[in-house]
1. Restricting to the range 56-95, name every residue that is under 28 Å from Tyr120 (Cβ atoms), part of a loop (DSSP other than H, G, I, E, B) and either basic (Lys, Arg) or touching a Cys at 6+ places or on another chain (Cβ under 6 Å) (or both).
2. Taking interchain pairs and intrachain pairs at least six residues apart, which have beta carbon atoms under 7 angstrom, with the first residue in the range 122-139 and over 18 Å from Gly84 (Cβ atoms) and the second not in a strand (DSSP E or B)?
3. Only one of (1) more than 19 Å from the chain's Cα centre (by Cα); (2) closer than 30 Å to Pro154 by Cβ; (3) at pLDDT 95 or above is not met by Pro233, so which one is it?
4. Would you check if there is a residue in the range 171-178 being aromatic (Phe, Trp, Tyr) and free of Cβ contacts under 8 Å to residues at least 60 places away in the same chain?
5. Return only the number of the condition from (1) among the basic types (Lys, Arg); (2) over 30 Å from Leu306 (Cα atoms); (3) modelled with pLDDT of 85 or more that Arg85 does not satisfy.
6. Mind checking which strands (runs of 3 or more DSSP E) fall wholly inside the range 133-252 and carry at least 1 residues that are crowded, with 22+ Cβ neighbours inside 10 Å?
7. For Ala299, state whether it is closer than 20 Å to Thr52 by Cα, within 14 Å of the chain's Cα centre (by Cα) and of a type in the set (Gly, Ala, Ser).
8. For the range 281-298, which positions are surrounded by 15 or more Cβ atoms within 10 Å (Cβ to Cβ) and either out of contact with any strand residue (DSSP E or B) (no Cβ under 9 Å at 6 or more places or on another chain) or closer than 20 Å to Asn234 by Cβ (or both)?
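The values are calculated or read from the model by the stated rules, or taken from the named source; none is laboratory data. It should be emphasised that the depicted structure is a prediction, and the values quoted were computed from it without experimental measurement. Cβ coordinates were reconstructed from backbone atoms using ideal geometry, including for glycine residues, and neighbour counts include every protein chain displayed.
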Amino acid sequence: MRKIFLISILLIAGAYDLRACDICGCGVGSYYIGILPDFKKRFVGLRYQYKTLTSHLGPGGSRSYLTTAETYQTAELWGGWNIGRRFRVIGFVPLNFNSRENQGVSMHRSGVGDIAAVGYYQLLDKQQTAGSKLLVQSLWLGAGIKLPTGRYEPAEHKENEDAPNNFQLGTASTDFTLNAMYDVRLMDVGLNANVSYKINTNNRYDYQYGNKFTANLLAYYKIRLKEKLTIAPNAGVLYETAAKDRETKKYKVDISGGYSLMATIGMEATIGNISAGANFQPAVSQQLADMRIKAGNRAMVHVTYLF
């Protein structure tokens, strides 16, 4: 049991020493995975994510005529494929819907976002008995790539240098991720941890988003109601942290960077070959862009076909 807790701590402890983020999940990308649906070979599904933030805040979070409400919605096709016993590939194709409103004037932007894929290798796959109970552990390590398929408008930043460069459909850069997924379950009670470190490169407009670190920890309980129906209520935390963006590789962008801590509560259900889930993520603590930005609550739902 000591090894189990040690792995969990190592997976999430790095969050407090690393810095990174695209204003913590809004706009140009969040790769929150959470609890994957149980699948033996492949899955494909749709996810919908809803996020909000308030920008142009004054000292102490005060509002003014510049204060802007921003909403980021993503409809995402995602899928996974287990190749043999040790390899797994997961892909994401997002369609983004961004909107902002200031003093009754609205602006909208929509289109395909940045496509991403992650390959995993299963380092640990272990089953053992703890007394009379079954203990199951798995650890996957991976690396991924994000392609610049989403539209990026450099004029958006140049015309609004006092605003975060976040109202984009993509980053216009090829970026890379390092990933880990760990799951430990004692009979029907489990703990799931995911970490991702995203390394952003300089785009062709000489802008570089700060690297991004995401860590989430979820506790869950599987309840079998019928032969083919299983539900799994879950709760936990999601932590993201951010480095400052950079222009021309050396100048830091003040209106960027920071951290946020979100609580997470949700439910997963599997009926035969269909998996569905939803979660709500209220903000607990944050400090974004030197307190010039405040992130709102988030929500996500998905429907997935297992085959």
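1. Arg85, Arg86
2. What qualifies is Lys133/Met187; Leu134/Met187; Gln137/Ile4.
3. With respect to (1) more than 19 Å from the chain's Cα centre (by Cα); (2) closer than 30 Å to Pro154 by Cβ; (3) at pLDDT 95 or above, Pro233 is out only on (2).
4. The initial filter retains those residues of the range 171-178 that are aromatic (Phe, Trp, Tyr), namely 176.
The next check asks that each one be free of Cβ contacts under 8 Å to residues at least 60 places away in the same chain; those that pass are 176.
Yes; the residues of the range 171-178 include at least one that is aromatic (Phe, Trp, Tyr) and free of Cβ contacts under 8 Å to residues at least 60 places away in the same chain.
5. (2)
6. Details: elements: 133-146, 175-186, 189-199, 212-221, 223-226, 229-242.
Answer list for the range 133-252: 133-146, 175-186, 189-199, 212-221, 229-242.
7. On the way: closer than 20 Å to Thr52 by Cα: yes; within 14 Å of the chain's Cα centre (by Cα): yes; of a type in the set (Gly, Ala, Ser): yes.
When the stated conditions are applied, Ala299 passes them.
8. Gln281, Ala283, Arg298, listed by residue number.
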